[in-house]
1. Looking at the stretch 22-32, is at least one residue farther than 30 Å from residue 110 by Cβ and at pLDDT 95 or above?
2. On the given criteria, is residue 63 more than 22 Å from residue 49 (Cβ to Cβ) and either touching a helix residue (DSSP H, G or I) at 6+ places or on another chain (Cβ under 9 Å) or buried (at least 17 other Cβ atoms within 10 Å of the Cβ) (or both)?
3. I'd like to check something: does the stretch 49-61 contain any residue that is closer than 23 Å to residue 30 by Cβ and under 17 Å from the mean Cα position of the chain (by Cα)?
4. Residue 81 fails exactly one of the following numbered conditions: (1) within 26 Å of residue 113 (Cβ to Cβ); (2) at pLDDT 95 or above; (3) touching a helix residue (DSSP H, G or I) at 6+ places or on another chain (Cβ under 7 Å). What is the number of that condition?
5. Tally up the residues in the stretch 56-72 that are farther than 16 Å from residue 132 by Cβ and touching a strand residue (DSSP E or B) at 6+ places or on another chain (Cβ under 7 Å), please.
């Protein structure tokens, strides 16, 4: 069982997770697998300046986040490869259900870090915070062309 400090929700990377990501020394493209569960009603308490006039669903707040984010993602050399409905796992914890799945491609770990630190991108991050109840983010790297793991 995982330590108590590793229980969710998981909404942003920890300092330790960031260090591990950098230490992995990923080469080439990095694909980010995102699993997202939305709040029923978006919670803009941490970003009141971004709050709409009347309450919206978490999924709507995430749509606002995506519209804000995509230009900065593209400027950084990244791309949204896949966006789809989630659900329950076929293999995995039966209690986990994800509303949205995304695959985001970045040309490198360095370009991902630069994107994640862009102040103009960060100005809209409150939409994501308002939208998301829980999430997972798994950086993936391509294995060699000979299939060796």
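1. Going residue by residue through the stretch 22-32, those that are farther than 30 Å from residue 110 by Cβ are none.
No, the stretch 22-32 contains no residue that is farther than 30 Å from residue 110 by Cβ and at pLDDT 95 or above.
2. Numbers: more than 22 Å from residue 49 (Cβ to Cβ): no; either touching a helix residue (DSSP H, G or I) at 6+ places or on another chain (Cβ under 9 Å) or buried (at least 17 other Cβ atoms within 10 Å of the Cβ) (or both): yes.
No: the conditions fail for residue 63.
3. Start the filter on the stretch 49-61 by keeping residues that are closer than 23 Å to residue 30 by Cβ, which leaves none.
No, the stretch 49-61 contains no residue that is closer than 23 Å to residue 30 by Cβ and under 17 Å from the mean Cα position of the chain (by Cα).
4. (3)
5. 1
The values are calculated or read from the model by the stated rules, or taken from the named source; none is laboratory data. Bear in mind the structure is a predicted one, so any value in this text is a computation, not a measurement. Note that each Cβ is placed from the backbone with ideal geometry, even for glycine, and that neighbours are counted across all protein chains shown.
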